[in-house]
Amino acid sequence: MAAKLRKGDKVVVLAGKDKGKQGEISQVMPKAGKAVVDGVNMAIRHVRQSQTAQGGRTPKAMPIDLSNLAILDANGKATRVGFREEDGKKVRFAKTTGDVI
């Protein structure tokens, strides 16, 4: 099955503690059905100090379920993704505007 959401896509969170936040996908995990979005679903990770690096508490973006994300169209609104053939190639398009993503 083709991926509706890919690395680099601008998305908005539909559900959860970060509902309404926007960000860019930095990593997709298709087998787990999750994605890591910059600035969304942040958790504090404790890092031990070493000779080279300073220790402390660092925020880290945790994976969020793909079902809770929607891609942003050209107007900045959440939209669903469809597939169609153009010039013999399968392309993704926004259902709201019909534009190719």
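Numbers for the structure displayed
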item: ³J(HN,Hα) computed for each position of region 59-67 - Karplus, 6.51 cos²θ - 1.76 cosθ + 1.60, integer Hz, glycine/proline x; result: x, 9, 6, 9, x, 10, 5, 5, 5
item: Gain upon complete extension [Glu24, Glu86; 0.36 nm per residue less C-alpha separation]; result: 19.7 nm
item: Relative contact order of the chain, defined on C-alpha pairs under 8 angstrom at six or more residues apart (%); result: 21
item: Stretch gain in nm, segment Ala43-Thr97, where the contour uses 0.36 nm per residue and the Cα spacing is subtracted; result: 15.9 nm
item: Order of Lys34, Lys95 under a 10 Å beta carbon neighbour criterion, fewest first; result: Lys95, Lys34
item: Lysine pairs within region 10-74, Cα separation less than 17 Å, 8 or more sequence positions apart or different chains; result: 9
item: Computed P(r) (all Cα pairs; region 10-74; 10 Å bins; percent); result: 21, 43, 22, 12, 1
item: Ascending count of other beta-carbon atoms within 10 Å, so fewest first, for Asp73, Asp87; result: Asp87, Asp73
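Where a number appears in this text, it was derived from the coordinates with a stated rule and is not lab data. Just so you know, these numbers come straight off a predicted model, no measurement behind them. Note that we place each Cβ from the backbone using ideal geometry, even for glycine, and neighbour counts take in every protein chain shown.
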